[in-house]
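Report on one structure; see the data block that follows.
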Amino acid sequence: MPEPPQLVINTGPILALVAALGDLEVLRIYPRVLVPCEVCDEISAGGPKRFALTEFAAAHWLQRRTHPLDIMPVLLNTLDSGEAAVIQLALDEGIPTVCIDEATGRRMARLNNLNVTGSIGVLLRAKREGYTFSMRDAIRRMKAHGIWLSSQVTAFALTQAGESTADDDSP
């Protein structure tokens, strides 16, 4: 399947990518990355540590939407506002791929006939396209920032990245 030229991204993957690599430059593998207003608001709220706020602001090439979307009730009743907005914006703009890490959001996106990737999918695509970084170190940094990854996702990511999955050096 050809790689998608554009992407609508949620809060979770933005935070995970900043945790993994320290910035959002890896998203430049997509010629067009859209961020719904609702996601911008979630990131701007920042939480107590204001994590990823500076890196998000520095990624001036992201296409940030400034107005809230008219979101289908079924999405709002099932998902948080960021995930619902990501799916709604993709549907409104005819963008076939969304970047969501949470299982319920991914399921709803698929039910709406959207392709789904997540933070690990973005990192794997970046590796395929020549970005040089250690997937193992990226996963360690994600986990150190409280990003939860299952052992299956971790093993898959390491295998796909061509890095050892031996127990003695797992992230």
| All positions within the stretch 56-103 that are touching a Gly at 6+ places or on another chain (Cβ under 7 Å) and either among the polar types (S, T, N, Q) or closer than 24 Å to Leu21 by Cβ (or both) | Glu83, Cys99, Ile100, Asp101, Glu102
| request: Pick out the one residue from Ala58, Ala20 that is crowded, with 22+ Cβ neighbours inside 10 Å and among the aliphatic types (A, V, I, L, M). | output: Ala20
| Is it fair to say Ile147 is in contact with an Asp or Glu (Cβ under 9 Å, 6 or more places away or on another chain), at pLDDT below 95 and of a type outside the set (S, T, N, Q)? | yes
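Go through the residues of the stretch 82-91 one by one and say whether even a single one is among the polar types (S, T, N, Q) and not in a helix (DSSP H, G or I).
No - not one qualifying residue is present in the stretch 82-91.
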| message | With the requirement that a residue be assigned to a loop (DSSP other than H, G, I, E, B), open to solvent by 10 Å² or more (accessible area, probe 1.4 Å) and modelled with pLDDT of 95 or more, what does the stretch 103-130 give you? | response | Asn112, Asn113, Leu114
| message | With the structure loaded, tell me whether Thr78 is touching a helix residue (DSSP H, G or I) at 6+ places or on another chain (Cβ under 8 Å), open to solvent by 70 Å² or more (accessible area, probe 1.4 Å) and of a type in the set (Val, Ile, Thr) or whether it fails that test. | response | no
| note | Per the filter on the stretch 94-129, residues charged (D, E, K, R) and in contact with a strand residue (DSSP E or B) (Cβ under 7 Å, 6 or more places away or on another chain) are Arg106, Arg110
| field | Criterion (in contact with a helix residue (DSSP H, G or I) (Cβ under 6 Å, 6 or more places away or on another chain), closer than 23 Å to Ile139 by Cβ and either at pLDDT 95 or above or assigned to a helix (DSSP H, G or I) (or both)) met by exactly one of Val26, Val8 | value | Val26
| field | the stretch 23-55, residues that are open to solvent by 40 Å² or more (accessible area, probe 1.4 Å) and either among the polar types (S, T, N, Q) or under 11 Å from the mean Cα position of the chain (by Cα) (or both) | value | Ser44, Thr54
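The values are calculated or read from the model by the stated rules, or taken from the named source; none is laboratory data. Bear in mind that the values here come from a model prediction, so they are computed numbers and not experimental data. Here Cβ is always computed from backbone atoms with ideal geometry, including for glycine, and neighbour counts include all displayed protein chains. All accessible areas refer to the heavy atoms of the entire protein, side chains included, with ligands and DNA or RNA removed. Shrake-Rupley method; radii C 1.70, N 1.55, O 1.52, S 1.80 Å.
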